[in-house]
Structures are given as structure tokens and as C-alpha cells.
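First the structure, in the form of C-alpha cells, and then the observations on it.
The values are calculated or read from the model by the stated rules, or taken from the named source; none is laboratory data. Given the structure is predicted, the values throughout are model-derived calculations rather than measurements. All Cβ positions, glycine included, derive from the backbone under ideal geometry; neighbour counts span all protein chains shown. We work out accessible area using only protein heavy atoms, side chains counted, and drop any ligands, DNA or RNA first. Shrake-Rupley method; radii C 1.70, N 1.55, O 1.52, S 1.80 Å.
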Amino acid sequence: MEFLNQTGSRQRKLQPKIRMRGPSGDPSDPSPLFDDTSSAVNKHGHGDVGKGPDAYPGQDFLSDPMSNLAMAYGSSLASHGKEMMDKNLDRFIPISKLKYYFAVDTVYVGKKLGLLVFPYMHENWEVSYQQDTPVAPRFDINAPDLYIPVMGFITYVLVAGLALGTQNRFSPEILGIQASSALVWLIIEVLAVLLSLYLVTVNTDLTTIDLVAFSGYKYVGMIVGVVAGLLFGRMGYYLTLLWCCVSIFVFTIRTLRLKILSEAAAEGRLVRGAKNQLRMYLTMAIAAAQPVFMYWLTFHLVR
């Protein structure tokens, strides 16, 4: 299109060029938003057998028979290794037996805590059996468990941190030392009892886990004593700890005498013979060690 400008000369007005998509130039044909590249893919990729637009890089590897064989062999090897690990782990840590010691409920925990604090009215201390197997702790209050000792240990560490915090002596290092020292003394106590049972040649059904359970019951009295000291001062601590020490002494004597002493001693008859005398002294020594550890691990927490 031509037009005249102010000077009278003719100039041509450029019209915008419209690029038509598609093979035809029909402007009424709607144009796509993206160019069709399927022809280019078919042109360059028609030689790749089995590779379409949905192919991914690892498809050939997964479809290879050798890769499937390797995956099956790796899976069988992993399962075999898991079986070997479970077998060796169960040899050192009897996980199946540990489930028995944690088979508790709320009723059992409440009754057991009351028995640990006030064992004087309890009469029957024998563990119940069913087909030569002791029943679960939730069905027998006399059965040993690990729930109360484990929770007692954790609660003792927390109460110790609270007591140290009220005295402005709290630090993570001191709390770690407190927890590690309590754990080390527990291990030493259990090892000493095992050595004593071996030297005295006591034939008993007590296991190492049973000894850990009976040694861990003292944490209940320790917690009660420290809490009483925080609420009522040192006098409340000493009175409460004294009560808990006597209670745990009586509880340990009445529980272990059925395990360590002979049948005659368990029935209340006169204990005769040097071997039975040693067993009686060993039972009393184990029971007497509980108050000593209770005082040793708590006296510095109350001021």
C-alpha cells in the first residue's frame, strides 16, 4: 500500500508477515501451540527396535535375562543373610525370651509397684507355671519383668536431672555420668551375683535376665526417696528411703529364697548343711546389697 507523506513523496507501508503453520495456508485452519516432532522422532529413531516414546534408559537392563537372574540371586542372598543375622543375634540376645518379660499390663504394674513398696502382707511368693512354663507377668504378680526396671531406670535419670536442676548443678555431662554410673553398678551387681552362684554351685532356674529384673526393682524406691527429698527436704528423704530399703530387702529375701535356697528352706524348715548355709548367706547378701546401692546412687541428689 502506498501513501503520501508531508513532503509529497510516496512511501510504501510494510504489512506484517503472517507465518502460516501446517501444510496449507488456509487462515481458517486453527494452528497448534507446539510443532509436531513425531516425524523427526520416527525419522531418527526407526532403527531402534523396541524403543518408543515411552522407553526409559534401564528398560533394556531389566528385560535382560541375566539381570533378572542377578536380581533373584541378590534377593536370595539378602534373605539368607537376614536369617543368619537373626540366628546369631538370638544366640546372644534372646529376643523371644525378652518378649515374655515385657508382657505386662496396667493392672500388673500397679500391683507390682504396691508390692515393692509394701511387701509385708503378701503371702504367696511362688511363680505360677503352665505346662512347665512360667505364665506371663500380667497373669502372675510374682513373675519377674523388665518393664518396671527399664522404666524405673529412665525415670531415675530424669528425676536425678530434676534434682540437680533445682540445685543449679545440672549439665548434660553430669546427667550422663549419673546414668552411666547407675548402669555400670547394675552390671557389676549382676556379674557379682552370677559369680557367687557359680562358686557356691547353686542349681537354680534363675537366668541373667531374672537377675537384671530383681536388681532393677530398687529404682522404684530410689525414685520415691528422691522425690520425697525434693518435697520435704533431707529428713523426708531419709525416712522415705529407709522405708523403701527395708521393703526391697524383704521383697528380695522372699523372692530369691525360693530360687536359691533348697526346698527344705523354702518350706520354712531348719536349714542344715554347709551348702545350704552358703545359699542362705548368699541370699541375704544379695538382699542387703540393694539398700547400699539405693543410698549410694541417691544421697548426693538431695541437699
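Within the option set 164, 158, 186, 113, being assigned to a helix (DSSP H, G or I), in contact with a Phe, Trp or Tyr (Cβ under 9 Å, 6 or more places away or on another chain), at pLDDT 95 or above and not small (Gly, Ala, Ser) holds for one residue only, 186.
Only a single item in (1) part of a helix (DSSP H, G or I); (2) without any contact (Cβ under 8 Å) to a residue 24 or more places away in the chain; (3) surrounded by fewer than 16 Cβ atoms within 10 Å (Cβ to Cβ) is not met by residue 121, and it is number (1).
Do we have residue 200 as under 25 Å from residue 247 (Cβ atoms) and in contact (Cβ under 8 Å) with a residue 24 or more places away in the chain here? For residue 200, the condition - under 25 Å from residue 247 (Cβ atoms) and in contact (Cβ under 8 Å) with a residue 24 or more places away in the chain - is not met. Scanning the range 180-189 for residues that are exposed (fewer than 14 other Cβ atoms within 10 Å of the Cβ) and under 21 Å from the mean Cα position of the chain (by Cα) yields 180, 181, 183, 184, 187.
Within the range 117-138, the set of residues being of a type in the set (D, E, K, R) and more than 31 Å from the chain's Cα centre (by Cα) comprises just one member, 123. On inspection, residue 105 fails the criterion of being open to solvent by less than 40 Å² (accessible area, probe 1.4 Å) and among the acidic types (Asp, Glu). Would the range 170-179 turn up any residue that is without any contact (Cβ under 8 Å) to a residue 40 or more places away in the chain, surrounded by 14 or more Cβ atoms within 10 Å (Cβ to Cβ) and either touching an Asp or Glu at 6+ places or on another chain (Cβ under 7 Å) or not in a helix (DSSP H, G or I) (or both)? Within the range 170-179 (the criterion being without any contact (Cβ under 8 Å) to a residue 40 or more places away in the chain, surrounded by 14 or more Cβ atoms within 10 Å (Cβ to Cβ) and either touching an Asp or Glu at 6+ places or on another chain (Cβ under 7 Å) or not in a helix (DSSP H, G or I) (or both)), the answer is yes, since at least one residue qualifies. Within the range 205-214, one or more residues are touching a Pro at 6+ places or on another chain (Cβ under 6 Å) and open to solvent by less than 10 Å² (accessible area, probe 1.4 Å).
Say whether the condition of being more than 16 Å from residue 221 (Cα to Cα), of a type in the set (A, V, I, L, M) and under 20 Å from the mean Cα position of the chain (by Cα) is met by at least one residue in the range 156-169. No: zero hits.
Residue-by-condition table, conditions (1) open to solvent by less than 60 Å² (accessible area, probe 1.4 Å); (2) under 26 Å from residue 119 (Cα atoms):
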residue: 140; (1), (2): yes, yes
residue: 144; (1), (2): yes, yes
residue: 156; (1), (2): yes, yes
residue: 164; (1), (2): yes, no
residue: 191; (1), (2): no, no
residue: 195; (1), (2): no, no
residue: 198; (1), (2): no, no
residue: 222; (1), (2): yes, yes
residue: 228; (1), (2): yes, yes
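Evaluated against (1) open to solvent by 30 Å² or more (accessible area, probe 1.4 Å); (2) aliphatic (A, V, I, L, M); (3) at pLDDT below 95, residue 150 falls short on exactly one condition, (3).
Listed conditions (1) over 18 Å from residue 207 (Cβ atoms); (2) in a loop (DSSP other than H, G, I, E, B) are all met by residue 127, apart from (1).
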